[in-house]
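The values are calculated or read from the model by the stated rules, or taken from the named source; none is laboratory data. In this text, all values refer to a predicted model and were calculated from it rather than measured experimentally. Positions of Cβ are backbone-derived with ideal geometry, glycine not excepted, and every protein chain shown enters the neighbour counts. Side chains are part of the model used for accessible areas, which takes the heavy atoms of the whole protein and leaves out ligands, DNA and RNA. Shrake-Rupley method; radii C 1.70, N 1.55, O 1.52, S 1.80 Å.
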Amino acid sequence: MYKAKAYSAASAKSPLASTTIARRDPTEHDVQIEILFCGVCHSDLHQARNEWSGFMPTVYPCVPGHEIVGRVTKVGSAVTKFKLGDLGAVGCMVDSDGTCPACQEGLEQFCPNGTFTYNLPDKHLGGVTYGGYSDSIVVSDRFVLHVPSNLNLAGAAPLLCAGITTYSPMRHWGVTKGKKVGVVGLGGLGHMGVKFAHALGAHTVVFTTSPSKKDDALRLGADEVVLSRNADEMQKHASSFDFILDAVAADHDINAYIQLLHRDGNITLVGAPEKPLPVSAFSLIMGRRSLSGSPIGGIAETQEMLDFCGQHNITADVEVIPIQKINEAYERLLKSDVKYRFSIDMASLKSE
Ligand code: NAP
Ligand code: ZN
């Protein structure tokens, strides 16, 4: 066991602050990573403030962070995939049982015994797992990914959650050339969704509540931008979409988007607002439309997504911040004021 520097929340109401945490010494299958950048996901905020108490109550102190890239500093004797000095990345999961049907299919995100990167029981040290707002992390090699060497590291970190969470449902629902695809909410997830939909060849439409994001949406790859609070603009797209990805972090009217789907179209929720969203039965029934959800993605698909990003030179658009600005960053997330992901430069933790 060794001590690592980190930032943690002590309660739902307290700002994050500097602390030290225990990390395990690497076992034979582990990789130790010096964290260089960690993205700031809206899920970090939901969890730090215990907004998902019904689903996964937060255990304090809570060290968020599941968009991790860094350098490998130690490997266990049985590790063959990584060596000292390699780049290594970790997303939302650090363990799974490896034996259940989901794991056998490479869908570790559905393993009933999976361990998220933070706030789930730590099988090694007791207590709960601690995330990437830290100077290092120790993770089983099965959950460490390779980062293509051409990618900017600050921009690559958000691929580990925002990237895979948008890539996976687009692949599942067959987003390709010739499809009309909507992305709702131009935040961290949404802007990655736009990049992927565009790279996969779809006609891509962004729905935003922020008129100021219109030019950016087009630059990021959108073919059209709709201001979702303008009913006339919305109505022009009625019954026309094959697929819509809803990446909104707060309460909103999803029925307004369901009625934009074509017959048999699908809307997938990746955004996870605190409160339930009412659904109009008739907008689903008339048109045999479907509403579904999707959590992150499996490890093999995460590597596929990273390799796709390497080939297409895709990274997140980031605002790099020192860890000392994390509380301000959370407040800005709540105001939809981020272009389009905060990425923490972990070197800033050295001065704590
Ligand atoms: P984010 O960067 O804060 O982006 C959310 C976007 O939603 C905002 O930029 C804004 O876009 C839009 N929005 C915010 N408030 C709104 C409101 N009241 N009405 C309509 N639109 C609103 O958040 P994120 O990190 O992308 O995460 C988005 C959600 O996905 C969060 O709930 C997060 O927990 C969840 N998530 C889920 C998974 C998963 O596995 N399913 C993984 C990661 C994150 P505009 O300004 O364009 O309107
Ligand atoms: Zn996330």
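Things to note:
- Relative contact order (%) - the chain, alpha-carbon pairs under 8 angstrom, separation at least six: 18
- Farthest toward the positive end of the dipole of region 163-293, out of GLY271, GLY187, GLY293, is the Cα of GLY293, where the dipole comes from beta carbon charges about the Cα centre.
- Fluctuation leader among ILE326, ILE285, ILE244 - the chain, Gaussian network, Cα springs under 10 angstrom: ILE285
- Net length available on complete extension from ARG24 to ASP97 is 24.4 nm, with 0.36 nm assigned per residue and the Cα-Cα distance removed.
- Heavy-atom surface analysis with a 1.4 Å probe gives region 163-293 a carbon and sulfur content of 54 percent of its accessible area.
- Calculated FRET efficiency, GLN235 to ASN150, Cβ-Cβ distance, R0 = 45 Å: about 0.55 to the nearest 0.05.
- Cα shape, region 163-293, gyration tensor, a/c 1.5 rule: rounded
- Of the GluC sites (Glu not before Pro) found in region 23-77, those that fall in a DSSP loop while having at most 10 other beta-carbon atoms within 10 Å are GLU28.
- Accessible area per residue for region 163-293, computed on protein heavy atoms with a 1.4 Å probe, is 43 Å².
- Once the chymotrypsin sites (Phe, Trp or Tyr not before Pro) in DSSP loops with at most 16 neighbouring Cβ atoms within 10 Å are cut out of the chain, the longest remaining piece is 56-352.
- Among the trypsin sites (Lys or Arg not before Pro) within region 125-218, those in coil by DSSP and having at most 14 neighbouring Cβ atoms inside 10 Å are LYS177.
- Test item: Cα-centred dipole of region 160-222, Lys/Arg +1 and Asp/Glu -1 on Cβ, debye: 180
- 26 Å Cα-Cα reach of LYS180 towards lysines, excluding residues that sit fewer than 8 places from it in its own chain: LYS195, LYS213, LYS214, LYS236, LYS339
- Loop-resident trypsin sites (Lys or Arg not before Pro) (DSSP state other than H, G, I, E or B) in region 222-265 with no more than 16 further Cβ atoms inside 10 Å of their Cβ: ARG229, LYS236.
- Extreme residue, positive dipole direction of the chain, given options THR204, ILE21, THR115 (C-beta unit charges): THR204
- Assigned charges on the beta-carbon of Lys, Arg, Asp, Glu; region 163-293 dipole about Cα centre (debye): 340
- Beta bridges by DSSP in the chain, antiparallel share as percent, to the nearest 5: 55
- CD proxy at 222 nm, helix term only [per DSSP H run n ≥ 4: -39500 (n - 2.57); per residue of the chain; nearest 500]: -6000 deg cm²/dmol
- Here's the picture: charge each Lys and Arg Cβ at +1 and each Asp and Glu Cβ at -1 in the chain, and of GLY76, ILE33, ALA222 the one pushed furthest to the positive end of that dipole is ALA222.
- Per-residue SASA entry for MET286, accessible area with 1.4 Å probe, Å² rounded to 10: 120
- Cα centroid separation - region 90-130 against region 178-193, whole Å: 28
- Charged-residue dipole, Cβ positions (Lys, Arg, Asp, Glu), the chain about Cα centre, Debye nearest 20: 240
- Probe 1.4 Å, all protein chains present, accessible-area order of LYS339, LYS350, largest first: LYS350, LYS339
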